[in-house]
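Before any comments, here is the structure.
Taken together, the values in this text are just the output of simple stated rules run on the coordinates, not laboratory data. Computed from a predicted model, the values in this text were never measured in an experiment. We place every Cβ from the backbone using ideal geometry, glycine too, and count neighbours over all the protein chains shown.
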Amino acid sequence: MVKEFLSNYGILVSAGLLTIGWFIIFNANKYITSRNEAKVYTKDITSLIEDAIESSIEFWSNFDADKKDLNYIFFKKSSILISKIRSYANILNLYGINLNINLDLIEFKKLLTFSPDQATQNFSSELKKYKKRKIVKSEKMGLSLITKINNEFIDKYKPTKSPLLHSFPDRILKNPSFQGSLYGIIVIWVYFKIGSILLS
Amino acid sequence: MEALLLGDTAMAEVNLNVRDYSKDPFGRYKTDGEGNGEEYRIDYLVPELKKGNSLIIDLDGINDEYGSSFLVEAFANLIRKEGFKYEEIKCRVKFRSKNTDWLEEIDYYLDEVKKENQGRILLNNG
């Protein structure tokens, strides 16, 4: 009965299995592509924040309220940089990495672009303290943002940290790449099995 | 301008566009140059609020971004420096923009002053 069924519908069964296999492999590929794209954005956002930290250290170390043009350029540049970081964060949301860093970015922007009040500007010792605080806080905030973003990425796209057999079956079984490979093997095996039944 | 009569007081709703003040709002103090937050607060916002009017402030139409200095000095310092209460500002000053990040940022600065004031009250009572 099996032989009769396979001789009539064998090709359809094989085609069906191949389609399902193709879908699984396609899905796994999509996952890998998404991961790679998200990784690029994560890298870019990290480097933008690093730039912001670096320029903040340089700017606030040499801050002088009278250098108005220089201050204008730095404040504008930093505001635009934060807006760019925000739009990258929105893109990462589309990849399922929910950063939720809006308030952190407002705080970071304030650290970069909020100038000292006039009383502080008039007392050099106070201004020195203010500048030091700005440098330390902006660096701390920037690094904490980088950590948060990278942690969210790793949380969404888990890294393979142990050899295949060690994590078998918990992680591997759920891994789309593994499922695709396994399904491919089964399809090829079934295909040859059907062929051998038909030929015998 | 829309007017609303409440008892004996006529309260008007005044629309202000930041772009009419400056396309490039920047800086805290008048000494920072054109388009600073202090001047906008003192010359544009406070007179209307002192008349008892409510404000609808349109933030759109500027060249690029708002810096923290301008936003804090113009809006949050209505509470710190002009003596308005947080609730009063929240009730009488509405912000409008297509960019929700700016609205969120202003809210953040207003909340910051609120927390500062609450902390001060706690310290005084303690």
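The combined condition, being free of Cβ contacts under 8 Å to residues at least 40 places away in the same chain and either within 14 Å of the chain's Cα centre (by Cα) or part of a helix (DSSP H, G or I) (or both), is not fulfilled by residue A:98. Inspect the stretch A:116-133 for any residue being within 14 Å of another protein chain (Cβ to nearest Cβ) and within 30 Å of the chain's Cα centre (by Cα) and give the result as yes or no. No, because not a single residue in the stretch A:116-133 is within 14 Å of another protein chain (Cβ to nearest Cβ) and within 30 Å of the chain's Cα centre (by Cα).
Tallying residues that are away from every other protein chain (no Cβ under 14 Å), touching a strand residue (DSSP E or B) at 6+ places or on another chain (Cβ under 9 Å) and surrounded by fewer than 23 Cβ atoms within 10 Å (Cβ to Cβ) within the stretch B:46-80 yields 12.
Give the residue that is nearest to the other protein chains (Cβ to nearest Cβ), with candidates limited to residues of the stretch B:30-41 that are on the phi < 0 side of the Ramachandran plot and crowded, with 16+ Cβ neighbours inside 10 Å. For the stretch B:30-41, the residue satisfying everything is B:32.
Return the residue satisfying two criteria in turn: it lies in the stretch B:104-126 and is closer than 25 Å to residue A:108 by Cβ and more than 11 Å from chain A (Cβ to nearest Cβ), and of such residues it is surrounded by the most Cβ atoms within 10 Å (Cβ to Cβ).
The extreme case among them is B:110.
When the test is whether a residue is within 14 Å of chain A (Cβ to nearest Cβ), more than 16 Å from residue A:113 (Cα to Cα) and within 13 Å of the chain's Cα centre (by Cα), residue B:15 does not pass it. Taking the conditions exactly as written (within 21 Å of residue A:109 (Cα to Cα) and under 13 Å from the mean Cα position of the chain (by Cα)), does residue B:45 satisfy them or not? Considered against the rule, which asks whether it is within 21 Å of residue A:109 (Cα to Cα) and under 13 Å from the mean Cα position of the chain (by Cα), residue B:45 comes out as no. The condition (being under 30 Å from residue A:136 (Cβ atoms), out of contact with any helix residue (DSSP H, G or I) (no Cβ under 6 Å at 6 or more places or on another chain), away from chain B (no Cβ under 14 Å) and touching a residue at least 24 places away in the same chain (Cβ under 8 Å)) is satisfied by just one residue among A:34, A:61, A:47: A:61. Residues considered: A:87, A:79. Of these, the only one that is within 8 Å of chain B (Cβ to nearest Cβ), more than 16 Å from residue A:143 (Cα to Cα) and either polar (S, T, N, Q) or touching a strand residue (DSSP E or B) at 6+ places or on another chain (Cβ under 7 Å) (or both) is A:79.
Taking residue A:52 as the residue in question, decide whether it is small (Gly, Ala, Ser), part of a helix (DSSP H, G or I) and within 14 Å of another protein chain (Cβ to nearest Cβ).
yes
Only one of the numbered conditions (1) loosely packed, with under 13 Cβ neighbours inside 10 Å; (2) within 14 Å of chain B (Cβ to nearest Cβ); (3) in contact (Cβ under 8 Å) with a residue 40 or more places away in the chain is violated by residue A:105, and that is (1).
Residue-by-condition table, conditions (1) under 30 Å from residue A:187 (Cα atoms); (2) surrounded by 13 or more Cβ atoms within 10 Å (Cβ to Cβ):
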{"site": "A:29", "(1), (2)": "yes, yes"}
{"site": "A:33", "(1), (2)": "yes, no"}
{"site": "A:36", "(1), (2)": "yes, no"}
{"site": "A:42", "(1), (2)": "no, yes"}
{"site": "A:62", "(1), (2)": "no, no"}
{"site": "A:69", "(1), (2)": "no, no"}
{"site": "A:83", "(1), (2)": "no, yes"}
